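For reference, the structure discussed in these notes is given below.
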Amino acid sequence: MKSSLKRHLLDRATAPYRGLGVFHYRWGRGKLGNDPIFCALLERQIFPDGARITDLGCGRGLLAAWFLAAERLADEGQWPDDVTPPPRGLRFRGCELMGREAEVGNRALQPLYPGRVELSGGDMRAADLSGLNAIAILDVLHYIDYAEQDRLLDKIRSALPAGGLFLTRVGDAEGGLRFRISQLVDRGISFVQGHRLPRMWCRPVKAWVAALEARGFKVECLPMNGHNPFANVMLIARVLP
């Protein structure tokens, strides 16, 4: 993504959080500005027009803020003609264990995008997955144990229609030093957000792929670290017809 467009989009996506406190605003700018996955999702056209997305572990709703801001820029004629336009008509539901973070997202986004964002506090394992065609779990699936991961993957597969999308980012447990660095950073971020420092239930990427393929997904793997020395991989899993 062009740097000028990224800066403009970052400003627009984080502006709704400015009035909710410096911490929330700065957190949003840090995450959206430095995590390569947000630009990658736009550039690779991961979400189709009209997608109904549930974001499990949604935090403050930054995924929704990013895409809805991009759509708004395009509607206003501020999206460059030589850049693939963002998807239109996305609707977001979200579930976040730290309910106060979900409420921050609602307060920031619902006034600007009425009917497009609904975030709630709760455990992602108990989230309502009805009436959607895309599910995202970014960087939190490893917080539940292996048996619970498998049950959640079963639930996700049952909820998605043919052609439905499951998007996740995981750490590659066979990533050596990069993986260990990823874990240390993850624990630090969890601590700052008020979570306890949990055990992480990680798998090698090949094991994640096998688990998804066994459930009828076609899986694409993309390294998703940017300039960071991590071992993160984005898995784009689609339900086979």
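Every read-out reported here was derived from the displayed coordinates using simple, explicitly stated rules and does not represent laboratory data. Fair warning: this is a prediction, and the values are worked out from it, not measured in the lab. Glycine also receives a Cβ, built like all others from the backbone with ideal geometry; neighbour counts cover every protein chain displayed.
Inspect region 133-150 for any residue being within 30 Å of ARG18 (Cβ to Cβ), touching a Ser or Thr at 6+ places or on another chain (Cβ under 6 Å) and part of a strand (DSSP E or B) and give the result as yes or no.
Here is the first cut: in region 133-150, the residues within 30 Å of ARG18 (Cβ to Cβ) are 134-140, 143.
Filter once more, so that each one left must be touching a Ser or Thr at 6+ places or on another chain (Cβ under 6 Å): 135, 137.
When the remaining residues are screened for being part of a strand (DSSP E or B), the result is 135, 137.
Yes, region 133-150 contains at least one residue that is within 30 Å of ARG18 (Cβ to Cβ), touching a Ser or Thr at 6+ places or on another chain (Cβ under 6 Å) and part of a strand (DSSP E or B).
For the residues ALA74, ALA70, the requirement of being touching a Pro at 6+ places or on another chain (Cβ under 9 Å), more than 28 Å from CYS221 (Cβ to Cβ), part of a helix (DSSP H, G or I) and not charged (D, E, K, R) singles out ALA74.
Out of the residues in region 105-116 that are under 17 Å from the mean Cα position of the chain (by Cα) and surrounded by 24 or more Cβ atoms within 10 Å (Cβ to Cβ), which is farthest from LEU20 (Cα to Cα)? Give the derivation first.
Going residue by residue through region 105-116, those that are under 17 Å from the mean Cα position of the chain (by Cα) are 105-106, 109, 116.
Next, only the ones that are surrounded by 24 or more Cβ atoms within 10 Å (Cβ to Cβ) stay: 105, 109.
Numbers: GLY105: 10, LEU109: 11 Å.
Among those that are under 17 Å from the mean Cα position of the chain (by Cα) and surrounded by 24 or more Cβ atoms within 10 Å (Cβ to Cβ), it is LEU109.
A search for C-beta distances below 9 Å between a residue of region 42-61 that is over 19 Å from HIS142 (Cβ atoms) and any residue that is part of a loop (DSSP other than H, G, I, E, B) and among the polar types (S, T, N, Q), counting only pairs 6+ apart in sequence or on different chains, returns LEU42/THR84; GLU43/THR84; GLN45/THR84; PRO48/ASN133; GLY50/ASN133; ALA51/ASN133; ARG52/ASN133; ILE53/ASN133. Test ARG12 against the stated conditions and say whether it is without any contact (Cβ under 8 Å) to a residue 24 or more places away in the chain and either over 26 Å from ALA126 (Cα atoms) or part of a loop (DSSP other than H, G, I, E, B) (or both). Against the criterion (without any contact (Cβ under 8 Å) to a residue 24 or more places away in the chain and either over 26 Å from ALA126 (Cα atoms) or part of a loop (DSSP other than H, G, I, E, B) (or both)), ARG12 does not qualify.
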